[in-house]
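Novice: Provided herewith is a single structure, encoded as structure tokens, for subsequent inquiry.
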């Protein structure tokens with residue numbers, strides 16, 4: 001049973017997730033639209049649309065909002081798989097018709113897929129993760145990424161969106177580098193455990209899993225998806241110092257997000 005189900009928060013989450021003012025609509029989807037239209041559509045064979053066999057895996061899919069977006073972009077629903085630990089979300093009426101879904105722990109994603117399809121090798125052109133990796137500790141984050149790499153085609157593409165670590169506003173640089181666990185109240189009224197990681201942690205994990213990071217950026221309410229605001233630790237430190245000196249929390253965009261785009265390494269040194 002997931003934390004959602006234990007706390008009876010699934011219904012409230014679904015109501016929030018599909019409301020007009022949710023973070024997905026205002027901030028997170030524009031990131032995916034930006035990357036799909038920019039990075040992926042620059043690849044010549046995808047410039048005029050996705051072929052029927054173009055495959056995608058969405059980690060922590062929830063009610064399938066990323067999957068719905070991919071289908072609207074022209075990806076075949078039958079070539080998409082969403083994985084989530086919450087069966088209620090997977091079986092919700094909003095989950096896109098025709099798309100595949102699996103219940104399981106994304107930290108063991110390869111085992112989940114191999115158990116369901118033991119006689120079939122599954123590999124994907126695109127793997128996405130929206131607001132999920134912040135809930136994994138660093139070890140599980142890297143473990144999931146390494147399995148993700150195994151499930152990806154040689155020229156596969158990865159999109160990761162997480163809360164920007166600045167939203168927690170640490171009061172010291174030491175805490176920023178050793179942040180630990182934080183309980184955060186969600187818009188749907190549930191305390192959610194965040195395994196806080198700084199920007200360098202996210203980058204280091206991608207490199208440990210042998211991904212080439214091709215882009216990164218931030219976005220939030222009323223700012224563009226590829227904004228460079230606090231995209232490096234040094235800028236975050238500046239804001240921490242400012243907070244320490246003035247005692248006033250710097251203004252941070254609402255629904256402030258950090259995103260990474262990466263490709264599977266195509267060569268070894």
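The values are calculated or read from the model by the stated rules, or taken from the named source; none is laboratory data. Computed from a predicted model, the values in this text were never measured in an experiment. Neighbour counts are summed over all protein chains in view; Cβ atoms, including those assigned to glycine, are modelled from backbone coordinates with ideal geometry.
Novice: From the list 154, 149, which residue is more than 25 Å from residue 183 (Cα to Cα) and assigned to a helix (DSSP H, G or I)?
Specialist: Result: 149 is the single residue among 154, 149 that is more than 25 Å from residue 183 (Cα to Cα) and assigned to a helix (DSSP H, G or I).
Novice: As an exercise: evaluate residue 75 against (1) crowded, with 21+ Cβ neighbours inside 10 Å; (2) free of Cβ contacts under 8 Å to residues at least 24 places away in the same chain and give the number of the one condition it does not meet.
Specialist: Answer for residue 75: the failing condition is (2).
Novice: Being touching a residue at least 12 places away in the same chain (Cβ under 8 Å) and not in a loop (DSSP other than H, G, I, E, B) is the filter here, so list the residues in segment 162-183 that pass it.
Specialist: Result: 162, 163, 165, 166, 167, 168, 173, 176, 177, 181, 182.
Novice: For segment 116-130, what are the residues that are surrounded by 17 or more Cβ atoms within 10 Å (Cβ to Cβ) and over 15 Å from residue 80 (Cα atoms)?
Specialist: The one that is surrounded by 17 or more Cβ atoms within 10 Å (Cβ to Cβ) and over 15 Å from residue 80 (Cα atoms): 130.
Novice: Residues in segment 87-95: is at least one within 15 Å of residue 156 (Cβ to Cβ), modelled with pLDDT under 95 and surrounded by 15 or more Cβ atoms within 10 Å (Cβ to Cβ)?
Specialist: no
Novice: Can you pull out every residue in segment 257-269 that is modelled with pLDDT under 90 and buried (at least 22 other Cβ atoms within 10 Å of the Cβ)?
Specialist: Of everything in segment 257-269, nothing turns out to be modelled with pLDDT under 90 and buried (at least 22 other Cβ atoms within 10 Å of the Cβ).
Novice: For segment 146-171, name all the residues that are modelled with pLDDT of 80 or more and closer than 26 Å to residue 247 by Cβ.
Specialist: Answer for segment 146-171, where residues must be modelled with pLDDT of 80 or more and closer than 26 Å to residue 247 by Cβ: 163, 164, 165, 166, 167.
Novice: If you check residue 36 against the conditions, is it surrounded by 16 or more Cβ atoms within 10 Å (Cβ to Cβ) and modelled with pLDDT of 95 or more?
Specialist: no
Novice: Quick check on segment 111-124. Is at least one of its residues without any contact (Cβ under 8 Å) to a residue 40 or more places away in the chain, more than 27 Å from residue 212 (Cα to Cα) and in a strand (DSSP E or B)?
Specialist: The answer is no; no qualifying residue exists.
Novice: Please go through segment 207-224 and give me each residue that is surrounded by 21 or more Cβ atoms within 10 Å (Cβ to Cβ) and outside any strand (DSSP E or B), ordered by number.
Specialist: 209 - this is the single residue of segment 207-224 that is surrounded by 21 or more Cβ atoms within 10 Å (Cβ to Cβ) and outside any strand (DSSP E or B).
Novice: Same structure, new question: Would you check which residues across segment 91-101 are in contact with a strand residue (DSSP E or B) (Cβ under 7 Å, 6 or more places away or on another chain) and more than 13 Å from residue 17 (Cβ to Cβ) and list them?
Specialist: Answer for segment 91-101, where residues must be in contact with a strand residue (DSSP E or B) (Cβ under 7 Å, 6 or more places away or on another chain) and more than 13 Å from residue 17 (Cβ to Cβ): 99, 100, 101.
Novice: How do the pairs read when you match residues in segment 15-43 that are within 21 Å of residue 162 (Cβ to Cβ) with residues anywhere that are at pLDDT below 85, using Cβ under 7 Å and keeping only pairs 6 or more apart or on different chains?
Specialist: 16/187; 16/188; 22/16; 24/17; 40/46
Novice: For residue 49, are the conditions met, namely being more than 12 Å from residue 126 (Cβ to Cβ) and either surrounded by 19 or more Cβ atoms within 10 Å (Cβ to Cβ) or at pLDDT 95 or above (or both)?
Specialist: No; evaluated as a whole, the condition is false for this residue.
Novice: Give the residue that is surrounded by the fewest Cβ atoms within 10 Å (Cβ to Cβ), with candidates limited to residues of segment 190-206 that are in contact with a helix residue (DSSP H, G or I) (Cβ under 6 Å, 6 or more places away or on another chain) and more than 15 Å from residue 139 (Cα to Cα).
Specialist: 190
Novice: Considering (1) in a helix (DSSP H, G or I); (2) in contact with a helix residue (DSSP H, G or I) (Cβ under 9 Å, 6 or more places away or on another chain); (3) modelled with pLDDT of 85 or more; (4) more than 30 Å from residue 11 (Cα to Cα), say which one residue 231 fails and leave the rest.
Specialist: So the condition that residue 231 fails would be (1).
Novice: Go through segment 232-256 and report how many residues are without any contact (Cβ under 8 Å) to a residue 60 or more places away in the chain and surrounded by 17 or more Cβ atoms within 10 Å (Cβ to Cβ).
Specialist: Counting residues in segment 232-256 that are without any contact (Cβ under 8 Å) to a residue 60 or more places away in the chain and surrounded by 17 or more Cβ atoms within 10 Å (Cβ to Cβ) gives 2.
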